[in-house]
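Beneath this line is the structure, given in C-alpha cells, with notes to follow.
What follows is calculated from the coordinates using simple rules that are stated; it is not laboratory data. Bear in mind the structure is a predicted one, so any value in this text is a computation, not a measurement. Neighbour counts run over all protein chains shown; Cβ positions are idealised from the backbone, glycine included.
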Amino acid sequence: MDAQRWKLPAIIAAVILVGGTLAGILWIGANKLEGTPGFFGPAPLIADINLALEILLVAGLTFGFFLARSGNIDAHQYNQTTWVLLNVVLVAFIMAASMQDVRPAKMADFAEARIGITWLHALAGSFTVVSGLWIVLQMNGIVPKRWRIKWWKNLMRATLAGYWIVALGGIATYYFWYVG
C-alpha cells in the first residue's frame with residue numbers, strides 16, 4: 001500500500017487510541033474510580049491502566065523501529081507520532097498527579113526506595129518525553145528548519161532506548177508502590 005492509503009486509517013487509529021485513552025482517564029477521574037481495585041491485583045485501577053498502556057506503548061514504539069528499518073518511513077512516522085502522543089497523555093493525566101504522593105520533605109527522603117525510585121523514573125521519563133516530542137515535531141515538519149537536529153536518527157535510537165529504560169523503571173516503580 002502506498003503512503004497516502006495509510007494516512008487516513010493511521011490518523012483515525014491515532015485519534016481513537018489517544019482520544020479514547022484521554023476520555024477514559026477523564027471518565028475514571030470524574031467518577032472517582034481511580035482508587036478502585038485494579039485488574040493486576042495489588043494496585044488501584046488507574047495504576048494498572050497506566051502500566052498496561054505503558055507496556056503496550058513501548059511495544060508499539062519498538063514496532064515503529066522495525067517499520068523504519070524495513071523502509072516504511074511513512075508508517076513509522078504515523079506509528080511513532082501516535083505512541084508519543086499517547087505517552088504525553090499518560091504523563092500529563094496520570095503520572096504527574098501521582099508525584100504528589102511522593103513529595104519529599106527533606107533530601108533524606110530520597111533514600112526511601114518508593115520516593116527515590118519514583119523520582120529517578122520521573123527524571124528519566126521527563127527527558128524521554130521531551131526527546132520523543134522533539135523528534136515527532138521534527139518528523140512532522142513542525143520544528144522550524146533552523147532548530148532541526150541533524151543527528152536525529154541517533155536521537156531516535158537513544159530515545160527508544162530511553163523509553164525501554166523508563167518502562168522498566170515504571171515496572172520497578174509499580175513494584176515499590178504496590179507489591180513490595
*Can you name every residue in the stretch 42-67 that is surrounded by 18 or more Cβ atoms within 10 Å (Cβ to Cβ) and without any contact (Cβ under 8 Å) to a residue 12 or more places away in the chain?*
Asp48
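Results for (1) in a helix (DSSP H, G or I); (2) closer than 30 Å to Ile28 by Cα; (3) touching a residue at least 60 places away in the same chain (Cβ under 8 Å), shown as yes or no for each residue.
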position: His76; (1), (2), (3): yes, no, no
position: Asn79; (1), (2), (3): yes, yes, yes
position: Met95; (1), (2), (3): yes, yes, no
position: Ile115; (1), (2), (3): yes, yes, no
position: Trp119; (1), (2), (3): yes, yes, no
position: Ala122; (1), (2), (3): yes, yes, no
position: Val129; (1), (2), (3): yes, yes, no
position: Ala161; (1), (2), (3): yes, no, no
*List the number of the failed condition for Pro144; all other conditions in (1) in contact (Cβ under 8 Å) with a residue 60 or more places away in the chain; (2) out of contact with any Phe, Trp or Tyr (no Cβ under 9 Å at 6 or more places or on another chain); (3) not small (Gly, Ala, Ser) hold.*
(1)
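Yes/no per residue for (1) among the β-branched types (Val, Ile, Thr); (2) closer than 21 Å to Ala167 by Cβ; (3) within 14 Å of the chain's Cα centre (by Cα):
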{"site": "Ala105", "(1), (2), (3)": "no, no, no"}
{"site": "Asp109", "(1), (2), (3)": "no, no, no"}
{"site": "Glu112", "(1), (2), (3)": "no, no, no"}
{"site": "Leu120", "(1), (2), (3)": "no, yes, no"}
{"site": "Leu123", "(1), (2), (3)": "no, yes, yes"}
{"site": "Thr128", "(1), (2), (3)": "yes, yes, yes"}
{"site": "Ser131", "(1), (2), (3)": "no, yes, yes"}
{"site": "Val136", "(1), (2), (3)": "yes, yes, yes"}
{"site": "Lys145", "(1), (2), (3)": "no, no, no"}
_Looking at Leu168 and the list (1) closer than 26 Å to Pro42 by Cα; (2) surrounded by 15 or more Cβ atoms within 10 Å (Cβ to Cβ); (3) of a type in the set (A, V, I, L, M), which single condition is not satisfied?_
(2)
